[in-house]
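This report refers to the structure that appears directly beneath it.
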Ligand code: FPP
């Protein structure tokens with residue numbers, strides 16, 4: 001699909017933007033549609049925003065697709081979200097044609113086997129892509145990620161006195177990646193919901209009432225322009 005957004009110029013582009021794709025259910029409700037229609041619209045919008053991020057030259061984008069807590073939703077809704085994900089993964093062109101390098105972060109082992117195979121294919125298919133790194137957080141929870149990192153560190157036999165902040169970072173799903181500079185949460189909620197809790201220590205935040213399926217490239221532009229006015233001090237003055 002051709003992509004016609006005009007390239008914007010920004011003073012500074014955050015290296016890594018993380019997005020909580022929230023508000024699909026409310027978007028559907030407003031239109032008297034089933035929640036699945038909201039997730040389908042959210043998934044389409046995810047593709048638009050990922051393409052746009054790649055186009056403007058973002059190096060990393062991490063999106064929250066499904067949390068460790070989302071299993072509490074009605075089984076029918078979970079099944080529908082997984083089916084939307086299957087459709088997305090089956091279309092491997094999504095990654096190849098766009099030169100986007102995709103990686104899934106989260107406990108993939110809990111997912112159905114066909115999804116795990118599709119994920120492995122999608123990651124393999126795009127491993128040499130030189131464009132944006134797109135992380136899709138799936139069955140992801142920040143606390144769960146830290147617990148798993150601690151277990152890995154213990155298994156590696158690292159001595160307690162040798163454990164540094166870097167040791168923790170190096171054992172997270174996001175090992176080797178820069179922390180998110182900027183976290184965007186649409187839909188009017190003002191919380192992190194267990195998302196990248198270690199990595200977000202110094203992130204800037206952008207909240208808005210826009211529901212995720214309505215969050216357009218122009219809103220990403222607005223958020224980045226806002227980011228450009230922030231003064232990041234990392235605890236200094
Ligand atoms: C939050 O909206 C959204 C989710 C929990 C699921 C997000 C899933 C997608 C965007 C589709 C699948 C993703 C990919 C990567 C293909 P909500 O349901 O909590 O909305 P609400 O707060 O308005 O009820």
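From 226, 181, which residue is touching a strand residue (DSSP E or B) at 6+ places or on another chain (Cβ under 7 Å), modelled with pLDDT under 95 and either at negative phi or within 16 Å of the ligand (Cβ to nearest atom) (or both)?
Details: 181 fails: modelled with pLDDT under 95.
When all the criteria are applied, what remains is 226.
Of the residues that make up region 185-192, is at least one surrounded by fewer than 22 Cβ atoms within 10 Å (Cβ to Cβ), at pLDDT 95 or above and under 30 Å from residue 155 (Cα atoms)? Among the residues of region 185-192, at least one is surrounded by fewer than 22 Cβ atoms within 10 Å (Cβ to Cβ), at pLDDT 95 or above and under 30 Å from residue 155 (Cα atoms), which makes the answer yes.
Using the structure shown, decide if residue 54 is touching a residue at least 12 places away in the same chain (Cβ under 8 Å) and out of contact with any helix residue (DSSP H, G or I) (no Cβ under 7 Å at 6 or more places or on another chain).
Numbers: touching a residue at least 12 places away in the same chain (Cβ under 8 Å): yes; out of contact with any helix residue (DSSP H, G or I) (no Cβ under 7 Å at 6 or more places or on another chain): yes.
Considered against the rule, which asks whether it is touching a residue at least 12 places away in the same chain (Cβ under 8 Å) and out of contact with any helix residue (DSSP H, G or I) (no Cβ under 7 Å at 6 or more places or on another chain), residue 54 comes out as yes.
Comparison of 200, 169 shows that the only residue that is within 21 Å of residue 59 (Cβ to Cβ), assigned to a helix (DSSP H, G or I) and away from the ligand (no atom under 16 Å from the Cβ) is 169. If the condition is being within 10 Å of the ligand (Cβ to nearest atom) and either in a helix (DSSP H, G or I) or without any contact (Cβ under 8 Å) to a residue 24 or more places away in the chain (or both), then region 14-35 contributes 24, 25, 26, 27, 28, 29, 30, 35. Summed over region 81-133, the residues that are at pLDDT below 95, within 13 Å of the ligand (Cβ to nearest atom), over 18 Å from the mean Cα position of the chain (by Cα) and not in a loop (DSSP other than H, G, I, E, B) give a count of 1.
The set of residues in region 155-177 being exposed (fewer than 14 other Cβ atoms within 10 Å of the Cβ) and either out of contact with any helix residue (DSSP H, G or I) (no Cβ under 8 Å at 6 or more places or on another chain) or closer than 22 Å to residue 228 by Cβ (or both) consists of 155, 156, 157, 159, 160, 161, 162, 164, 165, 166. Tallying residues that are over 9 Å from residue 103 (Cβ atoms), in contact with a helix residue (DSSP H, G or I) (Cβ under 9 Å, 6 or more places away or on another chain) and surrounded by fewer than 21 Cβ atoms within 10 Å (Cβ to Cβ) within region 121-137 yields 4.
Within region 205-224, being farther than 14 Å from residue 53 by Cα and surrounded by fewer than 19 Cβ atoms within 10 Å (Cβ to Cβ) holds for 205, 207, 208, 209, 210, 214. Against the list (1) closer than 17 Å to residue 106 by Cα; (2) surrounded by fewer than 17 Cβ atoms within 10 Å (Cβ to Cβ), the condition residue 140 fails is (2).
Taken over region 39-69, the residue count meeting the criterion of being near the ligand (Cβ under 8 Å from one of its atoms) and farther than 17 Å from residue 181 by Cα is 10.
Filter region 70-80 down to the residues that are part of a helix (DSSP H, G or I) and either within 12 Å of the ligand (Cβ to nearest atom) or crowded, with 16+ Cβ neighbours inside 10 Å (or both) and list them by number.
Listed by number, the residues that qualify are 70, 71, 72, 77, 78, 80.
The values are calculated or read from the model by the stated rules, or taken from the named source; none is laboratory data. All figures in this text were calculated on a predicted structure; none of them were measured in a lab. Glycine gets a Cβ as well: all are built from the backbone with ideal geometry, and neighbour counts include every protein chain shown.
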